[in-house]
Amino acid sequence: MATIKTKGIIIKRINLGEADKILTILTADRGKIRVIAKGMRRPNAKLGGFLELFRYNDYMLAEGRNLDLVTGASTIESFRQISLSLHRLGLAYYVAELIDKLVEETQDADTIFDLTHSVFREINQQKLPIDLIKSFFELNLLSILGLRPELDKCIVCNKLIDEQAKFGFSWVLGGVLDGEHLTNDHHVVGLNKNELDLLRCLVANPCKSLQMNQSYVDDIPKITRLTNSLMEYALERQLRSRNFLEEVLQF
Ligand SMILES: [Zn+2]
């Protein structure tokens with residue numbers, strides 16, 4: 001039986017039969033995979049302690065008939081602090097669920113793995129406000145999926161945004177609008193320069209650049225609502241087009 005070595009973060013676990021589990025693992029080199037952990041729910045299961053949700057492990061897999069089997073695991077990062085706060089745990093579940101929904105099993109996922117890994121690390125370290133990590137994740141996931149919001153030019157007329165003038169953001173159109181086109185969509189939210197800077201910073205940089213900067217703190221609640229709407233809207237479209245595709249493929 002061929003042995004496969006890989007590493008990745010466990011994003012989902014479901015029970016199988018009396019004592020087994022199916023694990024969904026996001027790996028850097030093999031995309032999203034599903035594997036079977038045999039006997040895991042028995043007391044004293046050899047690998048039980050290593051195969052907790054959100055663990056980042058090294059794995060040895062044996063090729064199975066349908067799904068591969070986990071034969072060995074050792075932990076690289078356990079992200080133990082995540083489970084100490086419901087708020088943080090909630091965000092970790094949210095991240096894992098979105099990844100599970102949006103990443104196909106055969107999809108090359110190294111950039112998504114890097115994003116997920118850095119987001120879990122930030123949630124675990126507890127240095128940044130949780131809502132800021134959430135916005136960071138949403139904006140960068142959208143960028144990887146080819147849905148990066150436009151933050152420099154008006155989404156209608158393509159003119160550079162004048163930061164001294166009035167401008168806004170539409171999550172439906174997916175970008176900023178200048179004063180002239182603010183009325184083009186009724187989902188527009190007015191933005192100030194600080195809020196636009198924060199959005200740009202979240203898309204362009206890892207969270208690190210934000211750690212020393214306290215001037216954005218007041219802007220977080222609005223930015224959180226905005227990226228949440230952006231994500232929900234994009235997700236709805238994405239899932240709708242996938243359902244449509246599935247329906248078409250049945251005929
Ligand atoms: Zn315009």
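The values are calculated or read from the model by the stated rules, or taken from the named source; none is laboratory data. Small disclaimer: the values here were computed from a predicted structure and weren't measured. Positions of Cβ are backbone-derived with ideal geometry, glycine not excepted, and every protein chain shown enters the neighbour counts. Side chains are part of the model used for accessible areas, which takes the heavy atoms of the whole protein and leaves out ligands, DNA and RNA. Shrake-Rupley method; radii C 1.70, N 1.55, O 1.52, S 1.80 Å.
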Seminar exercise, completed: Exactly one of Val176, Val189 is away from the ligand (no atom under 15 Å from the Cβ), closer than 20 Å to Lys222 by Cα and assigned to a strand (DSSP E or B), and that residue is Val189
Exercise. Of (1) open to solvent by 50 Å² or more (accessible area, probe 1.4 Å); (2) farther than 13 Å from Gly31 by Cα, Thr111 satisfies all except one. Which?
Worked result: (2)
Exercise. So which residues in segment 82-111 are farther than 18 Å from Lys12 by Cα and part of a helix (DSSP H, G or I)?
Worked result: Leu84, His87, Asp110, Thr111
Seminar exercise, completed: Across (1) under 20 Å from Ser78 (Cβ atoms); (2) touching an Asp or Glu at 6+ places or on another chain (Cβ under 8 Å); (3) surrounded by fewer than 15 Cβ atoms within 10 Å (Cβ to Cβ), Thr24 clears everything bar (3)
Problem set entry | Close pairs (6 angstrom Cβ cut-off, 6 or more residues apart or separate chains): more than 23 Å from Asn228 (Cα to Cα) in segment 76-95, modelled with pLDDT of 95 or more anywhere | Ile76/Tyr56; Glu77/Tyr56; Ser78/Arg55; Phe79/Phe54; Phe79/Phe120; Phe79/Asn124; Gln81/Asn124
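Would you confirm, using the coordinates I've provided, whether Glu52 is closer than 14 Å to Ile25 by Cβ and either among the charged types (D, E, K, R) or in a helix (DSSP H, G or I) (or both)? Spell out how you get there, then give the answer.
Numbers: closer than 14 Å to Ile25 by Cβ: yes; either among the charged types (D, E, K, R) or in a helix (DSSP H, G or I) (or both): yes.
Answer is yes for this residue.
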Exercise. Which condition number in (1) in contact with a His (Cβ under 6 Å, 6 or more places away or on another chain); (2) free of Cβ contacts under 8 Å to residues at least 60 places away in the same chain is the one that Arg148 fails?
Worked result: (1)
For this session: Of the conditions (1) within 13 Å of the ligand (Cβ to nearest atom); (2) open to solvent by less than 20 Å² (accessible area, probe 1.4 Å); (3) among the polar types (S, T, N, Q), Thr116 clears all except one; give me its number.
Result: (1)
Exercise. Which residues, taken from segment 139-173, are within 29 Å of the chain's Cα centre (by Cα), away from the ligand (no atom under 14 Å from the Cβ) and open to solvent by 40 Å² or more (accessible area, probe 1.4 Å)?
Worked result: Ile144, Leu145, Gly146, Leu147, Arg148, Trp171
Problem set entry | In segment 156-191, the residues that are touching a residue at least 24 places away in the same chain (Cβ under 8 Å) and of a type in the set (A, V, I, L, M) | Val156, Ile161, Val172, Val176, Val189, Leu191
Exercise. Which pairs have Cβ atoms under 6 Å, sit 6 or more apart or on different chains, and link a residue in segment 39-64 that is in the same structural domain as Ile99 (by TED's automatic domain parsing) to one that is surrounded by 15 or more Cβ atoms within 10 Å (Cβ to Cβ) and charged (D, E, K, R)?
Worked result: Met40/Lys21; Leu53/Arg13; Asp58/Lys7; Leu61/Asp68
